[in-house]
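These notes are about the structure you will find just below.
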Amino acid sequence: MFRFFEGLVDPYTEYEETDAPPQKLWPFLRDYARPFHKVFWLAGTMSVISAAIEIWLFGYLARLVDNLTEAKRDLFWSDMGLELVLVAIFLLFLRPIVQVFQVALLNNTILPNFATLVRWRAYRQVLRQSVGWFENDFAGRIANRVVQTPPAAGEVVFQLFDAIAFAIAYIIGAFILLGDADMRLLVPMLVWLVPYIFLLNWVIRKIGPASQAFADARSLATGRIVDGYTNIHSVKMFAHHDLETDYTKEAIEKTRTTFQVEMRLFTIMDFALIVLNGLLVVGVVGFAVYFWQTGSASLGIVAAATALVLRMNGMSGWIIWAVSSFFRELGVVKEGMDTIAQPIALLDRSKQSLDVSAGQITVQGLSHHYGRKTGGLDHVDLTIMPGEKIGLVGQSGAGKSTLIKLILRFYDIESGDIKIDGQSISEVTQDSLRRAIGMVQQDSALLHRSVRDNILYGMPSATEDQMIEAAKKASAHDFILGLEDSDGRKGYDALVGERGVKLSGGQRQRVALARVILKDAPILLLDEATSALDSEVEAAIQSTLQSMMEGKTVIAIAHRLSTIAHMDRIIVMDAGRIVEEGSHDALLAEGGQYSRFWARQSGGFLRQDQDDAI
């Protein structure tokens, strides 16, 4: 049975991805809920049927009490026996089937699958965003919203069918039952219902914003906590435990105060509800007793009315809590939408894949200032021939990293163009572009997975032998064999920790190099690729780097000029422009910036007074 209900909807069903998700709440939820439309209609129908059955039971209670009052005891079973048996069969067999069907739809079909669908699609949508988009937010806050939104969306749907649909059907049924018994019994019901609706409306108007404020505060606290833990080395190194505690306490206190505001509203709601429910019970039961005393109502009506309002007395609080929960979770969904539903800004303009036949890179009139008036690049023209090895140097902020990011199309170019083998990188798919480029960064973060998984990230289809050969070329194989994590996994199966923190900087860099070696892309970008290696290890893999670069177009950013002195050409950048270019010897002969950088180096590095000039 469980498998039947669990399999009614496939949360991973194919769907058409959108670059601009709905920005309003209900269209957003409706878009995600498309695969569940039939199940939702069925769940709503079952909620109405369940409410109708319960109202019918109160009506039958009135009939039973009246028959017990009027019938002779010796004739009661002969007159009512068959009817009572049928009612008992209905209650023991048919009613449980109806209610189990409703519960299974909610608990086994909707809740797990709807939350999974939202989580899966939200994760995929956010993953499509650009690097620049991620750089503008906390990774912890983004993850928090992706994680919190699915269960909140599931709770919204659950309350809609488990409580709201049932409650509406129940109240309508109660009015029909009391009106059918005696229209005058509707008077106290209406006297209760009108202020109850006002109270409900007040709760909805107040709880929504209060819940949103609490969700925002909670998200801020989560972001600060994750930020502190992610940068724990800096916290410990600068001995700023107290500073971080105070910084995070501010956000935690804001979470507490916003939650207090929300809870005050619930206390007010509970007090008002107690008063209203007292009026409901006294009014309906009092009227029913009065009508019985005057002979215009039977004892069965009194019993049914009393049982009904006592049931509604308990339900009214449940309904308001369900509705408030409904809108509170809507607030969480709305908060998640602020992240999940953001349009994808960096799009593929065509489905054309990049075809790298030679590896020539042409930069034409390239300007990019990140939306500002200064910084970045300013009218850069550069042609890198197929297989040419380029060294890139310049002071901090000269534009070196910006050029690399634009070649990878982490940002859309503001003006100008970059072409690879005559194809504009803006007119080919991002995936095909990045598959053609291998990059080793100065601080290569690794995935919190095994060493094997990290190396195979370069080419998942590679064989074990190919992976090990890449590790050997990166001088990583020997130290990998000696690894063992806290759970006893060894060698290539050992986990490297978040961002590779369980490895030394040099070990991380060698694993990253192995990954790029395995990828074997025709274009190679090196951003201080050997800066984390000690001299002995660097010397050991220099020959590997040379073989890596054979037949490839290479751009290498370097602070240590000796690592790029052998390049075919060296490009010197300053203030977003190319100010010098040529071979190492030619630039030394010119006596310009490069010559001054070289003269100021000590042991292959620039001096400290140069402020990281390269």
* Asked: Going through region 8-86, which GluC sites (Glu not before Pro) have at most 11 other Cβ atoms within 10 Å and a DSSP loop state?
  -> 14, 16, 17
* Gap in Å between the Cα centre of region 227-281 and the Cα centre of region 29-96? -> 45
* Structure fact -> Scoring region 1-144 by relative contact order with C-alpha pairs under 8 Å, at least six apart, yields a percentage of 53
* Asked: PRE reach from residue 243 (point 7 Å along Cα→Cβ): which of region 126-166 fall under 13 Å by backbone N?
  -> none
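How many percent of the accessible area of the chain is carbon or sulfur, using a 1.4 Å probe? Could the numbers behind the result be given before it?
On the way: 17720 of 30570 Å².
Answer for the chain is 58 percent, counting heavy atoms of protein chains only.
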* Asked: Taking the structure as given and computing P(r) over Cα pairs in 10 Å bins from 0, in percent, which label from (1) 3, 12, 17, 19, 15, 11, 8, 7, 5, 3, 1, 0, 0; (2) 3, 16, 24, 24, 17, 10, 5, 2, 0, 0; (3) 3, 13, 20, 23, 21, 13, 6, 1, 0 fits?
  -> (1)
* To do: Could you rank 8, 403 by how accessible they are, 1.4 Å probe, largest area first?
  => 8, 403
* Estimated inter-spin distance, residue 100 and residue 293, nm [label 7 Å along Cα→Cβ] -> 4.8
* To do: Mind listing the long-range amide H neighbours of residue 578? Cut-off is under 5 Å, sequence gap 5 or more, other chains count too, H placed in the peptide plane at 1.01 Å from N.
  => 381
* To do: Just the number, please: percent antiparallel of the DSSP beta bridges in the chain, rounded to the nearest 5.
  => 55
* **Gap separating the Cα centres of region 419-468 and region 162-220, nearest whole Å** => 56
* Structure fact -> Note to self, the chain gives a 222 nm [θ] from helices alone (DSSP H runs n ≥ 4, -39500 (n - 2.57) apiece, / all residues, nearest 500) of -19500 deg cm²/dmol
* Structure fact -> For residue 564, other-chain or 5+-apart residues with amide H closer than 5 Å (H placed, Pro excluded) are none
* To do: Compute the accessible area per residue over region 1-67, keeping the other protein chains in place, probe 1.4 Å, unit Å².
  => 62
* Go ahead and run the numbers for FRET between residue 346 and residue 465, Cβ-Cβ distance against an R0 of 60 Å, rounding to 0.05. => 0.95
* In sequence order, calculated HN-Hα J values of region 287-300 (Karplus, 6.51, -1.76, 1.60; Hz; x Gly/Pro) -> 4, 4, 5, 4, 5, 5, 5, 7, x, 9, 9, 7, 5, x
* Over region 98-167, what is the mean sequence separation of C-alpha contacts under 8 Å (at least six apart), divided by residue count, expressed as relative contact order in percent? -> 55
* **C-alpha long axis of helix 165-181 to longest principal axis of the chain, angle in °** => 10
* Structure fact -> Expressed in nanometres to one decimal, the distance between label points 7 Å along Cα→Cβ at residue 194 and residue 373 is 6.4
* **Accessible-area value, residue 270, 1.4 Å probe, nucleic acids and ligands omitted, Å²** => 60
* Structure fact -> Eigenvalues of the alpha-carbon gyration tensor of region 139-253, times 5 and square-rooted, give semi-axes in Å, largest first, of 50, 16, 7
* Asked: Using the beta-carbon distance between residue 566 and residue 107 and R0 = 60 Å, what value does 1/(1 + (r/R0)^6) give for FRET efficiency, to the nearest 0.05?
  -> 0.35
* Structure fact -> For residue 550 the rounded accessible area (nearest 10 Å², probe 1.4 Å, non-protein molecules ignored) is 130
* In region 168-265, which chymotrypsin sites (Phe, Trp or Tyr not before Pro) are in a loop and have at most 11 other Cβ atoms within 10 Å, using DSSP for the loop call? -> 238
* **Modelled FRET efficiency - R0 56 Å, residue 13 with residue 202, Cβ distances, 0.05 increments** => 0.90
* Structure fact -> Under the Karplus relation with 6.51, -1.76 and 1.60 and θ = phi - 60°, whole-Hz ³J(HN,Hα) for region 465-474, x at Gly and Pro, equal 5, 5, 5, 5, 4, 5, 5, 5, 4, 8
* To do: Please get the size of the charge dipole for the chain, origin at its Cα centre, with Cβ charges of +1 on Lys and Arg and -1 on Asp and Glu, quoted in debye to the nearest 20.
  => 1180
* Structure fact -> Expected unfolding gain across residue 338-residue 139 under the 0.36 nm per residue rule, minus the alpha-carbon gap, is 70.2 nm
* Structure fact -> Sorted list, accessible surface of protein heavy atoms, 1.4 Å probe, largest first, for 469, 388 is 469, 388
* To do: Can you tell me the relative contact order of the chain? Whole percent, Cα pairs under 8 Å, sequence separation 6 or more.
  => 14
* Asked: Between their Cα atoms, which of 24/405; 334/502; 38/351; 472/502 are more than 30 Å away from each other?
  -> 24/405; 334/502; 38/351
* Asked: Tell me, what ³J(HN,Hα) does each residue in region 380-387 have, in order and in whole Hz, if you take phi through Karplus 6.51 cos²θ - 1.76 cosθ + 1.60 with θ = phi - 60° and put x for Gly and Pro?
  -> 9, 10, 7, 10, 10, 6, x, x
* Structure fact -> Contour minus Cα-Cα span, residue 259 to residue 279, at 0.36 nm per residue, comes to 4.1 nm
* Accessible area expressed per residue, region 266-360, with surrounding protein chains retained (probe 1.4 Å, Å²) -> 45
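The values are calculated or read from the model by the stated rules, or taken from the named source; none is laboratory data. Just so it is clear, the structure is predicted and the values come from calculations on it, not from any experiment. For neighbour counting, all protein chains shown are included, and Cβ atoms are generated from backbone atoms with ideal geometry for every residue, glycine included. Just the protein is used for accessible areas: all its heavy atoms, side chains included, with ligands, DNA and RNA removed. Shrake-Rupley method; radii C 1.70, N 1.55, O 1.52, S 1.80 Å.
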